[in-house]
């Protein structure tokens, strides 16, 4: 027996799912299952309390798909990483999302894992959060009574506490926006990242505008390097500017780990991501 | 009772909410071709196909697979007739201990069903979730390439080797 | 009656051909049964009770609550056993027999087995374990091998300074030779611990037949006869009271070479549960933490060379972290030192090996025994010696390697030796001369490219554990001409059933399609010491060759008598009995078999073969001994690209030239090499079993990373066939050698690329960057 006994719920609408979620004690939402089911096994192994109710969103209609509407791309919560990887729309408008999707987990995980799960599972090392913050994404949550819109940045500042069930993610399409994602692996092959950096910026008249530098340190939710952003905005998109900004940064920003290699790679990753976009 | 469709056969099963598809296949239905080497979504030995995609049966709640088309290694061959992927694995020496093989073949099949002429990169990515400790992947990749050729040559693709 | 097989003619003369695996159909269809899949009626689930202390006296074990739990069928502790110790090198090293199936008085690592339960299901078994009360009196523990050697360190066994095995090897006068050398250097290397990571964990099902007092154990093993021996000893039964059956085995790599306490417990629990079969399956976590692991080693080397590159002397010290029990300790230590003599001509030599007990999980055999660790150290050291005198590392090796037909200083006899060819062919294929020492860059300047070489040699069998090292085979021909091969050898995935069947078919003069191979069931197949030390193709292959020849002779005797032809004029060629005088076929093989079984003759054809290589055991006082009947050789090249910004190393390609004697099945040989290299690459870069206070901290695949399809480099295999007169059809064993030089070839290539030397495994990006930084500081 891999899991402790639990009751499996299979609502067919989102309001129904929200209702069940609120009405049941010790309940969890199941999307692709790649985090949740493994976590339940681990809790059981450690003899810790496990949920009594699992609310599967699988049968909820209309929770999957990608489409563009009025300058935003909308990704429904149960869209799998594989669907993002295969989406022409994403390849055209948000190549950085395609890029990171190709690096998530393994083939089977990419088939199973969902965008919603990746954003709301509250594991600090998932790939999507840093990118969604940098892209200025908004998360649409459903609760029993209402819809709630939260920016990805605020959501992760608030430790990824879901106000309801994630319904979709909308990403604004910004002309001239460039984006890059750099992932530093623990080992050479496929592995979870030691840290990752995502940069988005508009390059207008050869200068950085609206730059977002997001870092996923692998031990906490991703954060934006606002100091770095303001050092870059308005400056020419050139290597020396990047070097200057890196040199100006408060060294404490990079000093968040006891691992020398990680500290080193912090700067290397940010430099690489910025270099990629200019 | 939950209704599962496995290898085109319908089963009415008294499933419990916590049972994973892996446990149902192996422990209840005796379909022991599906293996596991870690039980935690790392090794890929438990790979089966659901609705044409390779998934890890150790993290699928069996209840959640109701209404899906589940295909396991047992559903690939019929009698002595092998699936082209199985045939290719045999012919290209892609099998050593064979413990990872069913999962590896399911990953390969899911790839080739959608894309019978994959690039080397696509082959590597398709099996990046399947650990093989014996063979070191090169012969497996060669077998998958060859299986794609077999599938294109003769869609029914069965050949007796031994 | 006629043997029908449409592929009858397809695989005539199968030796040297890449025929499909004999058991392949079962494996690709998922129908092959592993012990993991075994389900018997009334079967119980067994679980081991393990020590939670790294080092402690057992004061009291109270099992009463567990026994009272509904659903529990049996609980055992040392009190239920005969308290007999078992070990793996028992015959030559009785003092290393130090483990009990269930420890009675003392525990020596976290995980030490002290009891077991059998219950109706897993949950109940686990609950029962929790109900067993164990009272310990903790003892000071020691986890580090160097700490454990210090006077005053806690004693884990009755071994002075915790030195469980001592191997001093002395030849010539190395001190004088070092003084006469033009260049002397000293290096210290560290090789980390690692795990086998067989895809199938250790699993077993034990059943005690009450009426006869006989036991049957189905277990995932590489050495069923060795398991039988240990079971018979610890349970005080006759060998024919114990039946050990191997089914399909999901990999072994040295980790399944011994009886584990679980095997013993499954049988004894079954006895206590009234004969109900008991199945014990290891979880991946148990496999990582409580099975066997690789010895971490500190390898100190000091050698001297002449200006012309002649290696004049080598001295050193090996310290191996043995963990709590001895397991294959003597063999591992010997393998970590003695291989040097197979590779390099060396007259003046002094090295002392120490295998140290620590309160950590037990180190044992793992593919290459100690050769992987020593391969890294010695081959890195050789590169540094060559660099020290400004000589090309390939030239340096060519100058110092062993040759055919030579006896080494420690009395190993190397008859065929393809090492020179291996080096020449691999360096040629890799374009060594154009690539080495060129400060090459990749597509961008921060990517630096380099090339490195490592060479190795290996045994095929090793007389370390029994007074003999024999294998037996039976070739039995049925009335319809179909053939059974019975062998004691254990196929754990390497393909020995296939190779042995090819040998049998070839020797018998029939198609491979006729053979059915029944292997590794101690009750019905002949004895075989097991699948280790790359011995099966060579030793079991020779036994099979003899058995097939014996069967053939019996057939030819009948044909000779019937046709009045001297038997010496007859042979079986392509399924025909042929008169060698005129090369004419007399009758078909099928007709010949019909004749043998006809009522005039009524002769059953049962060929037998028994082979014991002409070897001598290693003398642990001197290091002398011709341990193997033949020796295999190889050279390996790695070409790498190092990212100087991130410290990441990417392998561009590897080349492996291997003296395999004769490739019985070329595809299987390639597969062994490719699999070895993948394992070697993993060990070099990230496979590193880590401990904290004696407990494994990365015991799962999420934290102990293994090589995957992505990142496996192209590998070019070059087979060198030296046709060893001792080997079956000239074949040598080759399952382990390819792993031995991999880490060094890569480390040497990294040195060529960026000019820094990594001396401790694994080679991580962090170590590369640190070394680069230190280099910058030194050379402004």
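Per-residue shielding of C:492-499, expressed as the average number of other chain Cβ atoms within 10 Å of the residue Cβ, stands at 3.
Percent of C-alpha pairs per 10 Å bin in the range C:630-711, short distances first: 14, 36, 30, 18, 3. Per residue, what volume in Å³ does the Cα convex hull of the range C:112-157 take up? Measuring per residue, one finds 102 Å³ for the Cα hull of the range C:112-157.
Enclosing the Cα atoms of the range C:338-471 in their convex hull gives a volume equal to 201 cubic angstrom per residue. For the Cα atoms of chain A, what angle does the longest principal axis make with the long axis of helix A:36-45, in degrees from 0 to 90, nearest 10? Once rounded, the angle reads 70 degrees.
Separation of the range C:470-536 and the range C:616-670, taken as the distance between their Cα centroids, equals 27 angstrom.
Beyond 15 Å, the tail of the calculated P(r) for the range A:2-62 holds 48 percent of the Cα pairs.
Once the Cβ-Cβ distance of residue A:43 and residue A:239 is raised to the sixth power relative to R0 = 60 Å, the FRET efficiency obtained is 0.80. When each of the peptides C:745-753, C:86-94 is scored by how many other beta carbons lie within 10 Å of its residues on average, the order from highest to lowest is C:745-753, C:86-94. Comparing A:205, A:31, A:152 in a Gaussian network model of chain A, where Cα atoms under 10 Å apart are tied by springs, the biggest mean-square fluctuation is seen for A:205. Computed on the Cα trace of the range C:32-156, the radius of gyration divided by the Kirkwood hydrodynamic radius gives Rg/Rh = 1.05. Scaling against 2.2 N^0.38 Å puts the C-alpha radius of gyration of the range C:370-425 at 1.24. Between the Cα long axis of helix A:239-248 and the first principal axis of chain A there is an angle of about 70°, rounded to the nearest 10.
One equal scatterer on each Cα of the range C:693-760, no solvent, Debye formula: the resulting log10 I(q)/I(0) at q = 0.27 Å⁻¹ is -1.20. Judged by the mean number of other Cβ atoms found within 10 Å, the most tightly packed of the peptides C:233-240, B:131-138 leads the ranking B:131-138, C:233-240.
Normalised radius of gyration (Cα atoms, divided by 2.2 N^0.38 Å) for the range C:312-393: 1.21. Shown for A:154, C:760, C:37: other C-beta atoms within 10 Å of each C-beta, ranked fewest to most, produce the order A:154, C:760, C:37. Put simply, the range B:7-85 fits an ellipsoid with semi-axes of 19, 16, 12 Å; these come from the alpha carbon gyration tensor as the roots of five times its eigenvalues, largest first.
Over all projection directions, the Cα-based convex hull of the range B:29-124 averages an area of 6.9 nm². Computed from Cα positions, the angle between helix B:101-114 and the longest principal axis of chain B comes to roughly 80 degrees. Sorted fewest first by neighbouring Cβ atoms within 10 angstrom, C:44, A:173, A:232 come out as A:173, A:232, C:44. If the viscosity is 1.306 mPa s and the temperature 10 °C, what Stokes-Einstein diffusion coefficient in µm²/s follows for chain C when Rh is the Kirkwood radius over Cα pairs? Diffusion coefficient, whole number: 58 µm²/s. The calculated pair-distance distribution of the range C:545-601 uses every alpha carbon pair, bins of 5 angstrom beginning at 0, and gives 4, 21, 34, 26, 12, 3 percent.
Note on chain A: Cα-only Rg and Dmax are 19.4, 62 Å. Please give the FRET efficiency for residue A:25 paired with residue A:250, using the beta carbon to beta carbon distance and R0 = 51 Å, rounded to the nearest 0.05. Using R0 = 51 Å, I get an efficiency of 0.70. When Rg and the Kirkwood Rh are both derived from Cα coordinates, the Rg/Rh ratio for the protein assembly as shown amounts to 0.97. Panel values: the range C:585-632, Kirkwood radius from alpha carbon pairs, Stokes-Einstein at 4 °C and 1.567 mPa s, translational diffusion coefficient 86 µm²/s. Per-residue shielding of C:764-771, expressed as the average number of other chain Cβ atoms within 10 Å of the residue Cβ, stands at 4. Semi-axes of the equivalent ellipsoid of the range C:577-657 are 55, 27, 14 Å, computed as sqrt(5λ) over the eigenvalues of the C-alpha gyration tensor in descending order. Would you mind computing the Rg to Rh ratio of the range A:157-278 from its alpha-carbon coordinates, Kirkwood style for Rh? Radius of gyration relative to Kirkwood radius: 0.99. Put simply, the C-alpha atoms of the range C:626-777 give a gyration tensor, and the ellipsoid matching it has half-axes of 32, 19, 14 Å, longest first. The mean count of C-beta atoms from other chains within 10 Å of the C-beta of residues in B:24-37, rounded to a whole number, is 4. In the protein assembly as shown, the calculated helix contribution to ellipticity at 222 nm averages -9000 deg cm²/dmol per residue, counting -39,500 (n - 2.57) for every DSSP H run with n ≥ 4.
At q = 0.28 Å⁻¹, what is the base-10 log of I(q)/I(0) for the range C:482-541 according to the Debye formula with one equal point scatterer per Cα and no solvent? Please give it to two decimals. Rounded to two decimals, the profile gives -1.20. Restricting things to Cα coordinates, could you compute the convex hull volume per residue of chain B in Å³? Considering the Cα atoms of chain B, their hull volume per residue is 105 Å³.
FRET efficiency for the residue C:434 to residue A:263 pair, using the beta carbon distance and R₀ = 45 Å, is estimated at 0.70. Take the Kirkwood radius over Cα pairs of the range C:77-234, plug it into Stokes-Einstein at 10 °C and 1.306 mPa s, and you get 77 µm²/s for translational diffusion. As a rough guide to protection, the peptides C:462-472, B:3-13, C:506-516, C:697-707 ranked by mean Cβ packing within 10 Å, highest first, stand as C:506-516, C:462-472, C:697-707, B:3-13. Modelled spin-label separation between residue C:161 and residue C:345, with each label point placed 7 Å from Cα along the Cα-to-Cβ direction: 3.6 nm. All alpha carbon pair distances within the range C:442-583 were sorted into 5 Å bins beginning at 0; the resulting P(r) in whole percents reads 2, 9, 17, 16, 13, 10, 8, 7, 5, 3, 3, 3, 2, 1, 1, 0, 0.
Note that the range C:553-698 carries a Kirkwood radius of 21.9 Å, evaluated over its alpha carbons pair by pair. If the segment from residue C:603 to residue C:553 were pulled out straight at 0.36 nm per residue, it would be longer than the present Cα-Cα gap by 16.8 nm.
Quick note: the coordinates plus some simple rules give every number you see, no bench work behind them. Here the structure is a predicted model, which means the values were calculated and not measured. Backbone-built Cβ (ideal geometry, glycine too); neighbour counts: all protein chains shown.
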